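Single-structure report; data block below.
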């Protein structure tokens with residue numbers, strides 16, 4: 001079990017008379033990730049709404065700000081009790097057996113053009129035995145051929161661009177891995193979060209993107225960028241790709257400062273709380289998938 005304490009500080013200068021924001025900066029609430037404490041501070045005296053958007057406990061904040069400076073500060077602590085599994089027993093599932101909520105994660109999406117990656121995916125991985133180790137091979141392939149390079153990509157960079165450029169940041173690694181998995185009919189989704197344990201040489205703490213792949217009915221963690229131990233990943237939101245889970249979506253004209261984030265691990269060995277480390281078992285911080293849709297008789 002791990003406990004992580006973190007803060008997120010966002011600052012804007014609103015240029016329009018009013019401007020709408022949707023933030024995804026609060027940790028998700030799942031069977032495996034529990035919020036221990038949290039506080040939210042908004043510099044303007046505004047009414048706001050919080051809502052849960054998906055079955056994985058992603059939480060969103062909506063507000064309308066006025067012209068002038070706006071600062072949003074979130075502070076929280078989470079406890080993550082990972083489900084651990086022997087990788088050798090995890091199986092890929094035929095589409096006919098997938099939970100209905102997982103079906104959208106086998107289709108191409110804006111940044112993950114899996115339909116254009118099928119030939120490559122089958123050439124590189126088609127002959128491998130399906131299961132956890134094939135997914136791990138995809139992760140390692142993406143990590144090996146892609147250089148982590150800050151500022152090398154932008155908001156329009158897709159999996160195909162990353163494949164050509166051989167460079168990117170965490171979201172680009174994630175998009176490429178997701179696209180290759182989906183090209184093999186393996187459900188894969190994009191997770192936004194914060195990471196603990198990254199090499200300080202990579203720069204200040206920032207938002208992080210990683211991947212979850214469904215095997216044997218559960219979503220398991222994969223981080224193709226390899227910048228931090230998967231045990232140190234705090235889940236914020238899940239979606240088809242980065243377009244679904246931006247930390248801030250702005251409807252109006254603003255000037256923004258770079259986000260300021262801090263994260264630390266809380267250790268309590270007597271109560272089984274340890275530092276995040278790399279682990280040989282498959283890890284999941286998601287609950288078992290329960291479909292929100294009912295099958296139609298026919």
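Nothing in this text is a laboratory measurement; each read-out follows from the coordinates by a stated rule. What you see is a predicted model, and the numbers here were worked out from it, not measured in a lab. A quick note on method: Cβ atoms are made from the backbone with ideal geometry, for glycine too, and the neighbour counts reach across all protein chains shown.
Here r is the Cβ-Cβ distance between residue 144 and residue 34 and R0 is 45 Å; the resulting FRET efficiency, rounded to 0.05, is 0.80.
Helical content of the chain, expressed as a calculated mean residue ellipticity at 222 nm, amounts to -4500 deg cm²/dmol (DSSP H runs of 4 or more residues, -39,500 (n - 2.57) each, divided by residue number, nearest 500).
Annotation for residue 75 and residue 270: the two label points, set 7 Å from Cα along the Cα-Cβ direction, are 2.5 nm apart.
How high is the relative contact order of the chain? Use alpha-carbon pairs under 8 Å, at least six apart in sequence, and give a whole percent. Numbers along the way, then the final one.
Working: 705 pairs, mean separation 85.9, N = 298.
Rounded, it is 29 percent for the chain.
Counted over the chain, the DSSP beta bridges are approximately 95% antiparallel.
Which of 178, 22 comes first, and how do the rest follow, when ranked by fewest Cβ neighbours within 10 Å?
The most exposed by this proxy come first: 22, 178.
Ordering 97, 223, 16 from the fewest to the most neighbouring beta carbons within 10 Å gives 97, 16, 223.
The structure-derived value of percent of Cα pairs over 29 Å apart appears in the list (1) 53; (2) 35; (3) 46 under the label (2). Our estimate of slack between residue 202 and residue 115, defined as 0.36 nm per intervening residue step minus the Cα-Cα distance, is 28.0 nm.
Of 270, 56, 140, how do they rank once you tally other Cβ atoms within 10 Å and put the fewest first?
Working: 270 6, 56 24, 140 14.
In increasing order of surrounding Cβ atoms, one gets 270, 140, 56.
Each part reduced to its alpha carbon centroid, the stretch 34-93 and the stretch 196-228 end up 17 Å apart.
Could you work out the relative contact order of the stretch 83-244? I mean the mean sequence separation of Cα pairs under 8 Å and 6+ apart, divided by the number of residues, in percent.
On the way: 296 pairs, mean separation 44.1, N = 162.
For the stretch 83-244, the relative contact order is 27 percent.
Taking a point 7 angstrom from the Cα of residue 133 along the C-beta vector, which residues in the stretch 71-109 have backbone N less than 19 Å away? What the label zone holds, given the 19 Å backbone N cut-off, is 85-93. Scoring 37-50, 237-250 by mean Cβ neighbours within 10 Å over their residues and listing the highest first yields 237-250, 37-50.
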